[in-house]
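Here's the structure, in structure tokens; my notes come after.
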Amino acid sequence: MHGFRKLRLPESGEAIKVVDGRLCVPDVPIIPFIEGDGIGPDVWRAARRVIDAAVEVAYCGYRKIAWCEAFAGEKALKLYGELLPEDTLKAIDQFVVAIKGPLTTPPISGYRSLNVTLRQELDLYACVRPIKWIEGVPSPVKHPEKLDVVIFRETTEDVYAGIEWEMGSDGARRVIQFLREEFNVIIPEDSGIGIKPISERATKRLVRKAIKYALENGRKSITIVHKGNIMKFTEGAFAQWAYEVALNEFREHVVTQREIKEAFKEHIAGRLIIKDVLADNMFQQVLTRPEDYDVIVLPNLNGDYLSDACAAQVGGLGIAPGANFGDYHALFEPTHGSAPKYAGKDVANPSSMILSGAMMLQYIGWREAADLIYNALSLTIKSQKMTQDLARHIDGDVKVLRCSEFANEVICHLHHR
Ligand code: NAP
């Protein structure tokens, strides 16, 4: 345990542990945080104050988070001379649960996104985004309240995993030659090449996690989203393996949509409905029939697109929380990036970071504190007090708050249950 180069541990606190397949959370857990780049420090400072205040209100000092700063991005480069030091990976691994602000991907060829690297190094294979409208948030659709989905997106595979060769490179030439000679597949010489692997193991563990979540949280359906009509052995296989998990491992708890149509009519009460939708149709469905969807599972790239599209329906990236899960490890993060133009100006919307913190509290079982945050944030927005990104879409009387002022308002509302 421990053995960090530069990371300083808090004076008190204990590690969260995994015991017999469950999280064992002490009253003062050590939780690493990464401030992030750009607007990261602003939104993290705001969110940390809200999280600490909610824990204090909920547990009157009996519980408390022992924060431990871990470094990635620009701050890590200054301190360690590298963007993602081993200390940081080790800290998240040892302390199991962590939270981070957004990280800038340097626009230099050869750098992998730090977020993708974190997910892959720590095998955080499920990116989870609960997307639900908060009353008062301006939205581009007429009925944002009809969308209430939780997206489970695979994050280690697919074309997104970055297995690719540049046009004209030795790698691209060899792959093109191999495909021609071995499979008689002709690819133009001036092509860049990307590989799209989707495995049974990675698909099944994601779907298993989504079904467990749906059952534990009383959700109504799981929708498997794929493009299997075109990519049969990757996207199509994803759907097939997803159904296999549902029917082989959760048979008594689930019913497929086809079964409902054909035979099961009397036996479906209380069962989780399993259905699938083609990816292109899904983008239409969330707009035209949002109320028909609940938990959604997708491969990496389609999941990336759909997450942002759904977030836009409920008010945009500034408000949607997220987390990356492994079997037990979890790294919570806002869905937006580092928005460099707002860096250090105290004008960014900290809601996504605050709500990611609430999601983290829920994950460690501190539901009372999480609920206080959801309630306080929604009361703040309902009272027409919000940051500029939301306020500029409202014609009526709105009080525009700075990032830190928004946090102050949310903290005031923690006491209004
Ligand atoms: P972005 O940072 O999300 O910002 C795009 C725009 O979204 C901003 O200019 C701003 O719009 C709005 N915005 C995002 N977050 C906001 C907030 N909290 N409050 C108010 N407005 C907010 O996306 P990007 O410009 O494409 O990416 C910038 C950097 O972030 C890149 O290096 C990218 O790789 C990185 N990134 C990191 C993560 C992550 O860490 N998970 C995720 C995505 C991107 P307006 O200009 O319209 O006001």
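Here are some notes:
- On full extension, the segment bounded by Asp170 and Glu82 gains 28.8 nm, given 0.36 nm per residue less the C-alpha separation.
- Aspartates and glutamates whose Cα lies under 12 Å from that of Lys345, excluding same-chain neighbours fewer than 8 positions away: Asp42
- Most fluctuating residue given options Ile198, Ile99, Ile163, as computed from a GNM of the chain linking Cα atoms under 10 Å: Ile163
- Three-way shape call for region 211-359 based on the alpha-carbon gyration tensor, with the a/c threshold at 1.5: prolate
- Most fluctuating residue given options Glu235, Glu182, Glu86, as computed from a GNM of the chain linking Cα atoms under 10 Å: Glu182
- Values of log10 I(q)/I(0) for the chain across q = 0.08, 0.12 Å⁻¹ run -0.47, -1.05, by the Debye formula with one identical scatterer at each alpha carbon and no solvent.
- Taking each of Lys100/Lys204; Lys209/Lys261; Lys17/Lys146; Lys100/Lys385; Lys6/Lys382 in turn, the alpha-carbon distance tops 32 angstrom for Lys17/Lys146; Lys6/Lys382.
- Scalar couplings 3J(HN,Hα) for region 55-68, obtained by applying the Karplus form with A = 6.51, B = -1.76, C = 1.60 to θ = phi - 60°, are 5, 5, 5, 6, 10, 6, x, 5, 10, 7, 9, 9, 6, 9 Hz; x denotes Gly and Pro.
- Take 135-145, 150-160 and order them by the average number of nearby Cβ atoms within 10 Å per residue, most first; the result is 150-160, 135-145.
- Of His336, His413, His253, the sequence from fewest to most neighbouring Cβ atoms within 10 angstrom is His253, His413, His336.
- Calculated FRET efficiency for the pair Tyr59/Val159, C-beta based, R₀ 56 Å, to 0.05: 0.80
- In this simple spin-label approximation, Glu262 and Asp308 carry label points 7 Å from Cα along the Cα→Cβ vector, and these lie 4.0 nm apart.
- Taking the fewest neighbouring Cβ atoms within 10 Å as the starting point, the ordered list for Cys60, Cys24 is Cys60, Cys24.
- For the pair Arg367 and Glu405 in one chain, pulling the backbone fully straight at 0.36 nm per residue adds 11.2 nm over the alpha carbon distance.
- The alpha carbon centroids of region 226-245 and region 7-60 are separated by 38 Å.
- Net charge of neighbours whose Cβ lies under 13 Å from the Cβ of Cys403, counting Lys and Arg as +1 and Asp and Glu as -1: +1
- Qualifying chymotrypsin sites (Phe, Trp or Tyr not before Pro) for region 172-273 [loop in DSSP, other Cβ within 10 Å: at most 14]: Phe264
Values quoted throughout were computed directly from the atomic coordinates according to the rules given, and no laboratory measurement underlies them. Treat the numbers as computed from the prediction; the structure is a model and nothing was measured. Cβ atoms come from the backbone with ideal geometry, glycine included; neighbour counts cover every protein chain shown.
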